[in-house]
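K.L.:
Here it is, the structure, as structure tokens.
The values are calculated or read from the model by the stated rules, or taken from the named source; none is laboratory data. None of the values given here were measured: they were computed from a predicted structure. Note: ideal-geometry Cβ built from the backbone for every residue, glycine included; neighbour counts use all protein chains shown. To get the accessible areas, we keep the full protein, side chains included, count just its heavy atoms, and leave off ligands, DNA and RNA. Shrake-Rupley method; radii C 1.70, N 1.55, O 1.52, S 1.80 Å.
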Amino acid sequence: MRLPRVFLNGAVASGEVITLPGAAAHHLGNVLRLTPGMPVLGVAPDGTTWALAWMGSGRARVLGRSPEPWPEPDTRMTLAVAVPRGERMDWLVEKAVELGAASLVPLHTERSPLGGQVHPGRVARWERLAQAAAEQSGRRCIPPVLPPSDLVSSLRDFTGPCLVAHPGGEARPLRELLTAVAGDQPAPTWSPPRAVLVAVGPEGGFTPREVDAAVSAGARLLSLGSRILRVETAAIAALTLVLAGCGALGQPAGG
Ligand code: SAM
């Protein structure tokens, strides 16, 4: 059975009795109703994993290191996405974290409803959803939801290749772009990028001005095929394709 997993606030040492973060303590004690002595896996901020024994009242004893296979993708992918309406962004955050996104940037774009203004409460909610998804899917870090930004600023702030998902005819398939990014090296010398940003536009698409500015800033236009996808579908498809294309989806769970 898979152990309940909690992200710890700081470094820990064997034998120590620690107080767990409030939300984690509530979940273990009141939702999962653990009884004293039951095992929990703790993930320290440096990604190391620790065997804990629940003691009740929000506390746990650290039993020792519990080395596990490293689940984080070798390619760190940032998903910059025009915020879709309502709960679709909640769904997107959860699925992106499960699949292995390294971080998310909510984008405000020229065609976003209401100029794409994002209430800080929504960002806080996405951060909570990211944490829950990271715990559930066995991540070693909580992918941050970065401050809302516009397309060109998010590209300029990023170090690494940037791809803008765009249904226009000038967009190229991922395989071509990854080859271009790698400097046209033929296999087997091809090596995947360490970090990639993919931007996905709003329901009305990026404007020609945004697309031109992105290309001028060095981004490449990515095609996700011949059908028009909704924002959240495009985001999850792009994330999966890029991680798979970079060989970064990882080994089978438990393998
Ligand atoms: N009519 C809009 C256009 O032409 O851009 C469609 C926008 S689509 C609903 C929302 C976003 O998903 C797009 O801005 C793009 O980033 C991404 N997208 C959807 N389908 C795509 C495809 N086939 N290839 C690349 N990106 C796509």
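K.L.:
Take each uninterrupted DSSP H stretch in the chain, measure its Cα extent along the helix axis, and return the ones at 15 Å or beyond whose mean Kyte-Doolittle hydropathy is at least 0.5.
P.N.:
Working: long enough: 88-99 (16 Å, -0.01); 120-137 (25 Å, -0.79); 231-245 (21 Å, 1.87).
Both cut-offs are met by 231-245.
K.L.:
Please work out the Kirkwood hydrodynamic radius for region 1-159, using every pair of different C-alpha atoms, and report it in angstroms with one decimal place. The partial results should precede the final answer.
P.N.:
Numbers: mean 1/r = 0.0587 Å⁻¹.
Taking the inverse mean of 1/r over all distinct Cα pairs, region 1-159 comes out at 17.0 Å.
K.L.:
Give me, ordered by chain and number, the residues 5 or more places off Leu222 or on other chains with an amide H under 5 Å from its own placed amide H.
P.N.:
The list, which skips near neighbours in sequence, is Val164, Ala165, His166, Arg172.
K.L.:
Still on this structure, I have one more. Antiparallel versus total DSSP beta bridges in the chain: what percent is that, nearest 5? Intermediate values should be presented prior to the final figure.
P.N.:
On the way: 14 of 37 bridges.
So the antiparallel bridges in the chain amount to around 40 percent.
K.L.:
Still on this structure, please answer the following. What ranking do 194-200, 225-231, 211-217, 58-64 get when scored by the average of other Cβ atoms within 10 Å per residue, highest first?
P.N.:
Working: 194-200: 23.4, 225-231: 11.9, 211-217: 15.9, 58-64: 17.6.
Highest mean packing first, the order is 194-200, 58-64, 211-217, 225-231.
K.L.:
While we're looking at this one, here's another question. Which net charge results for the neighbourhood of Val145, defined as the other residues with beta-carbon distances under 11 angstrom from its beta-carbon, given Lys and Arg at +1 and Asp and Glu at -1?
P.N.:
On the way: positive: Arg122, Arg125, Arg128; negative: Glu127.
Neighbourhood net charge equals +2.
K.L.:
When the accessible area of region 139-254 is computed with all protein chains present and a 1.4 Å probe, what percentage of it is carbon and sulfur?
P.N.:
Details: 3360 of 5990 Å².
Reported share for carbon and sulfur atoms: 56 percent.
K.L.:
Please work out the average accessible area per residue across region 5-65, using the 1.4 Å probe convention, and give it in Å².
P.N.:
Working: 3020 Å² over 61 residues.
Solvent-accessible surface per residue comes out at 49 Å².
K.L.:
The chain: longest stretch without exposed GluC sites (Glu not before Pro) (DSSP loop, at most 16 other Cβ within 10 Å), sites themselves excluded? Write down the numbers at each step before the final one.
P.N.:
On the way: sites that count: Glu16, Glu87, Glu170, Glu203.
In short, 88-169.
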